Amino acid sequence: MKTVLCITILCAAACFARAQEGTKAPAQPAATSGSPIAGVAEAQDVRAASAQLEPKSGSKVTGIVAFAKVGDEVRVVAYIQNLTPGKHGFHIHEKGDCSAPDAASAGAHFNPTQQHHGGPMTAEHHAGDLGNIEADASGNAQLNWKGKLSLSGKDSIIGKSVVVHEKEDDLKTDPSGNSGARVGCGVINTAPFAAPAAMPTAAPSASAAPTAH
């Protein structure tokens, strides 16, 4: 089931990008643990990536986050399970290391330009500030958002990590918006760029885009 969900979300993100660009991009090899994925991102024009979330800080959070290049922006499509109902800080962190039980190994927010914390639409914010994702009464959260991120070059998010937090991000307080413990973490790896002829019917909706958008 997780494999099917992962493929569905990757296809959804890639389909958005393919529809807007109208060109066929070459597939990128999936990165393996311990590979120099950040270096690959700087050297190549990466078109797609994904992160598989694993539970942290005693939670049962799991999920998949997919990234696909759309023109000068990146579309982020995600499905996350077993959250507490409500809003949760959703960020990209500077290290691709989710090994610690509390995900402290992922480091601080990805912030290559040394900005103050904020939301994705505030004048000043970390590159990794994606705002909040909202879980329904069953603990499921979906995301379909597009914004300024890089999959290639010196500010690439490849080799970094996605972290979901215990609480809502207030979108202003350094360093992480008072969003509490890290309850889910996944390393961002390159992914094959392939899309079906049409959007999969099971693709996540845009009902839980970052609230700062």
*asked:* Considering only residues that are part of a strand (DSSP E or B), closer than 19 Å to Pro55 by Cβ and not polar (S, T, N, Q), which ones fall in segment 135-152?
replied: Ala135, Ala141, Leu143
*asked:* It is to be established whether one or more residues within segment 119-133 are surrounded by 17 or more Cβ atoms within 10 Å (Cβ to Cβ), under 13 Å from the mean Cα position of the chain (by Cα), outside any loop (DSSP other than H, G, I, E, B) and at pLDDT 95 or above.
replied: no
*Residue ID - farthest from Gly131 (Cα to Cα), chosen from residues in segment 89-103 that are modelled with pLDDT of 95 or more and not small (Gly, Ala, Ser)*: Pro101
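The values are calculated or read from the model by the stated rules, or taken from the named source; none is laboratory data. Model, not experiment: these values are computed from the prediction. A quick note on method: Cβ atoms are made from the backbone with ideal geometry, for glycine too, and the neighbour counts reach across all protein chains shown.
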